[in-house]
Each structure stands twice: as structure tokens, then as C-alpha cells.
Amino acid sequence: MSRPKTVHPATVHPEPPLQKRHGMTSTAPLPQLAGLPGFPLPLTAFEEYLLRDGSPAAPLEFFFRIHLGSGLSRAVLATATAAAACRHPLLLARILDDDKGPPVFSFRHPPTVDSLVVEVADATCPQPLSTPASPLVRLMLSRPTVTGEQPAGAIILAQFHHVATDGLGAVAFLEDLLAEIARLQAEPRQPQSRLRRLEPSLLLTRGHYGLSLWRLLKMLPDQAVGLAGIRQFFQNRPLQLGAQSAQATDHPTLLTDATFSLTPSRTEALRHAAAAADVSVNELAATAIFQAVAPLCRKMQSPQSATRPDVVRLCVPMNLRRASDRKMPATNLCSMVFLDRTPSQIAAGPLSLLQSIHDEMALIRRHGLGLTFIFSLLLGRRLPGGIRGVVAGQPAAATVLFTNVGKVFRRRRTDAAQALPLVTAVEGLAPLRRDTPLAITATEHAGQLAFTFRYDHSQLTPADVAAAVRRFDEALENVAKAAASQSVSLRPT
């Protein structure tokens, strides 16, 4: 387990010119985007929600920190970025947003390499991405301090605006990026891996979610079940984390985080424990998260407490991709569900808590309630004030966010020149929404599951987070042992 990182202001180095052998200069625009219409692309309701919900102090941006076992030049990274990004057009778009109509992705002015790739001494305070003026992705290259005979490596911090893509779309782009880096650094005779085919024109259907009129009509009775969840969302009061509320500021939040990694053997044991109880690893992790963060919650004393229960609210992004979406470039094909548990429910014990989470997630999947949030946004878009009004009128969304992006970079090979793994570690840093100062991202790489706790340092201290990580470690071990000891699966739902 690593300690929460000490943060320092970022220092940007002057940009060196790219070598001629890479076929471009740093100020050259990227090639014209293919496969998209020549007109602006309207944002979906979910994308507009992500655009409106951000603030200068808490932009809805997320990051992946990729540790490489060998050195990497900015020139190689820039060339690889240009090749990979052209396969994912929304990352290169700008957003036009005025009073003349709904916001749109614009592809009229392709960005330059300089706006995509920077070299920094320290990437702990990246500037927010400007949606009207810059592309929706930025890659920051830095180099860790080398000690003793440790080989020189590199760190890529990939910054994404959520309006352009979700975590799985970002991973798909990073897969292409790493494949291009491996190709550029490979020996001339080394076999080259081939990138999977993508169809940018599929982005035109990204807001349909495979819903025909007939399927939509069939879902209406199931969606009625979701009304109870919507009522619960507004009735319950999500508890806040930390000793104080977020400080009003226009300055971007520092990247502060701590990563807890399981060994490959413990990762496999966790998977076996989930299978023994017929639950998912996500459900085991969610159980441990509730138990880990509950002691950090502020008590909400008010006359409303008797009628509005105080709950720890867990926001869980839900993947909406189908088999027919496999060739779609990076985009948002997800929704969100919210799990509420009272302090007494959390204190009832790991198996009771796990059972309730398993039952609720089964209900969500069975009735297609992952789309309930999308439908509420579509309805809100038609009401006076539109999505702006929805965002302005909603309460604090969650106590904590938890997302699992699954296995990442499974296709990566070794760097033959250095005989070292190209990727040695990966950390995901999910977005911090206002009043949600903790976001936990699970990633699995090389058979090792890791949980990265990203936090707002104005509300949570490193000691708070370190304690939460220790409690999570203990709670995850306890719930895994309890699940593995079950002679039969948890009761069916």
C-alpha cells in the first residue's frame, strides 16, 4: 500500500521540436477526422449533464496514471498520440455552447500536437481542459526520480473530460496509444500488433442505447420500478465526508490520491470468494467501501432527520455497452446508479450488507434500471430550464463514487529493447463531483487488482484517507472470508 502522495505545483518545460522522422511538427494540425459528418454533433442528454455539472474548482475530469518500465521521449509520445487520437474523434472535438441551441461537438478546427502533449516535471496540478478552446484529452509526460541502479522509466498522466468519454472509452484510447508507442519503439523485424477496426460513424447512434420504439415500450413497466428509487434518491439525505464542506474557489483541485494494491494471489482469492457466494467482485468491494467510509461521515443533525433518513450514498457508474458497440470509438455509453445504506445497515455485518447490495444490483439488472437516470435526464431536457435546471436543483449526488474499469492493457507486450514490461502499473483517478470528495477506481493489470482513492484535500486529510484505506483493506478481507465460507450461495433474488 502506498502512502498518499505529497503534492507540488507542476512545472512545464519548454516544448522541444518533434523530429522530422515522425512526419509532423508540434504545431501542425492533426489529420482531418474521417467517418464523421461535416456538421457539428449535438451532445446527448447525459453528455450535456456532464458538461453542466462541472465547476472551475471541480471540473468533471478523470485521469489515468500509467507507469512505464522504460524511457519515453516526448516526440514518440506525440506521434503515438496523434495516431491514436484520430481513431477517437470526440477526444479531439471542441464544444460550442451558446444560446442559439443545444451544445455540440465541433470538428471544424483539428487541434495541434502541442495542445495534446506536454512534458512536465510534476503533474499534480494539471490545468482544467477548456471545452470551448482545447481538445478533450491531454497527455502529460514526466519522469520519476531514479535511485541507484533502477532503470529510467516514464509516467504518462492522461487527462480526460468526462463529456467526451467514460472510463472504458478512455481505456480503449490508451490501448491504442500504448500499441503505437510499442510499434515506434520496436525493433525493425519485431512483429507488429494490429489495431482493431473502429467505425466513427457509429458515434451518431451513441445516444440511442439500442432502444427501438418496441423495446422502449416493453421497458416501461420495468421502469416503473425505478420510480421508487427516484423517490428514495430525493427523500434520503446523503452524508458528507470530512470535517468541513468544500471551500469555494475557482482554482483547480490538486491531484491527491492513495493506491491500495492486492497481490496476484489475493486478487485470485477475491475472485474465488465472489464465485463461492455467487456475487461479483464489485459487490464485495462495495460492501467494504461502505464500511470503510462510514466513520468519515459528518453527522447531519437537523429537524428533518426524522423524516429524511441520513445515508451513505455510493454512486456507481454502469456500463451500457452492447456487442454491437464494440467498434464504436471512445464515448460515453454509461449511466449511474445510487446505492443508499443507513449507518445501522452498514453496522449490521458484512454478509447482511453484501446480501442487500447483491439483491439491489440484481434488481437493477433485471429491470434495466441502469437507464432510469438517462430517462430522467431526457425528461429534464424537455422541462423549463433544461439540463441546467436539473443540475441546479439536484442535491449532493453521493457520499463517495466507486467505479471498476476492469482489466486494462491486456494486449501489451514487452519492450524488446529494454526487456522490461512496457506498463508496470496503472492508477485510475475518477472525477470528484462537488460535495463528493472521494472517488475510488478499481483497475486490474497483470493479474493484480488495485484501488485508487482520489480525494479532495480541502475536505479530507491524508490521515483521513490512509485510515479509510486501512479500514477498506480489513473490510475487504473480512467480507471475502465470509463469502468464501458460504456452503451455499447467497439466497436468490
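The values are calculated or read from the model by the stated rules, or taken from the named source; none is laboratory data. Remember, predicted model here, so these are calculated numbers, not experimental data. No Cβ is skipped: glycine too gets one built from the backbone with ideal geometry, and neighbour counts run over all protein chains shown. Only protein heavy atoms, including side chains, enter the accessible area calculation; ligands, DNA and RNA are left aside. Shrake-Rupley method; radii C 1.70, N 1.55, O 1.52, S 1.80 Å.
For segment 326-349, a residue qualifies if it is open to solvent by less than 10 Å² (accessible area, probe 1.4 Å), polar (S, T, N, Q) and part of a loop (DSSP other than H, G, I, E, B), and the qualifying residues are Thr331, Asn332.
Here Ile95 fulfils each of the conditions (1) closer than 27 Å to His208 by Cα; (2) assigned to a helix (DSSP H, G or I); (3) open to solvent by less than 20 Å² (accessible area, probe 1.4 Å) apart from (2). Residues in segment 453-465: is at least one β-branched (Val, Ile, Thr), open to solvent by less than 20 Å² (accessible area, probe 1.4 Å), at pLDDT 95 or above and not in a helix (DSSP H, G or I)? The answer is no, given that none of the residues of segment 453-465 is β-branched (Val, Ile, Thr), open to solvent by less than 20 Å² (accessible area, probe 1.4 Å), at pLDDT 95 or above and not in a helix (DSSP H, G or I). The set of residues from segment 152-205 being in contact with a strand residue (DSSP E or B) (Cβ under 7 Å, 6 or more places away or on another chain), modelled with pLDDT under 95 and charged (D, E, K, R) is empty.
Check segment 297-320 and report whether any residue there is part of a helix (DSSP H, G or I) and closer than 25 Å to Ala430 by Cα. Looking through segment 297-320, none of the residues is part of a helix (DSSP H, G or I) and closer than 25 Å to Ala430 by Cα. Being touching a residue at least 60 places away in the same chain (Cβ under 8 Å) and either of a type in the set (A, V, I, L, M) or open to solvent by 10 Å² or more (accessible area, probe 1.4 Å) (or both) is the filter here; which residues of segment 374-385 pass it? Passing the criteria: Ile374, Phe375, Ser376, Leu377, Leu378, Arg381. Here the condition is being among the small types (Gly, Ala, Ser) and closer than 17 Å to Leu72 by Cα; of Ser115, Ser134, Ser142, it holds for Ser142 alone. Would a scan of segment 235-243 turn up a residue that is farther than 30 Å from Gly368 by Cβ and modelled with pLDDT under 75? Yes, some residue in segment 235-243 is farther than 30 Å from Gly368 by Cβ and modelled with pLDDT under 75.
State yes or no: is Leu353 modelled with pLDDT of 95 or more and either aromatic (Phe, Trp, Tyr) or in contact with a Leu (Cβ under 7 Å, 6 or more places away or on another chain) (or both)? Taking the combined requirement at face value, the residue does not satisfy it. Among the residues that make up segment 352-359, is at least one of them in contact (Cβ under 8 Å) with a residue 60 or more places away in the chain and either surrounded by fewer than 16 Cβ atoms within 10 Å (Cβ to Cβ) or farther than 23 Å from Ala273 by Cα (or both)? There is at least one residue in segment 352-359 that is in contact (Cβ under 8 Å) with a residue 60 or more places away in the chain and either surrounded by fewer than 16 Cβ atoms within 10 Å (Cβ to Cβ) or farther than 23 Å from Ala273 by Cα (or both).
Residue by residue, here is whether (1) in contact with an Asp or Glu (Cβ under 9 Å, 6 or more places away or on another chain); (2) outside any strand (DSSP E or B); (3) open to solvent by less than 30 Å² (accessible area, probe 1.4 Å); (4) modelled with pLDDT under 95 holds:
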{"residue": "Arg65", "(1), (2), (3), (4)": "yes, no, yes, no"}
{"residue": "Gly71", "(1), (2), (3), (4)": "no, yes, no, yes"}
{"residue": "Ala83", "(1), (2), (3), (4)": "yes, yes, no, yes"}
{"residue": "Leu91", "(1), (2), (3), (4)": "no, yes, yes, no"}
{"residue": "Arg108", "(1), (2), (3), (4)": "no, yes, no, yes"}
{"residue": "Asp122", "(1), (2), (3), (4)": "no, yes, no, yes"}
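Taken together, the criteria place Thr443 among residues that are open to solvent by less than 10 Å² (accessible area, probe 1.4 Å), modelled with pLDDT of 95 or more and either in a loop (DSSP other than H, G, I, E, B) or of a type outside the set (Gly, Ala, Ser) (or both). Quick check, is Val400 modelled with pLDDT under 90 and either hydrophobic (A, V, I, L, M, F, W, C) or open to solvent by less than 30 Å² (accessible area, probe 1.4 Å) (or both)? No; evaluated as a whole, the condition is false for this residue.
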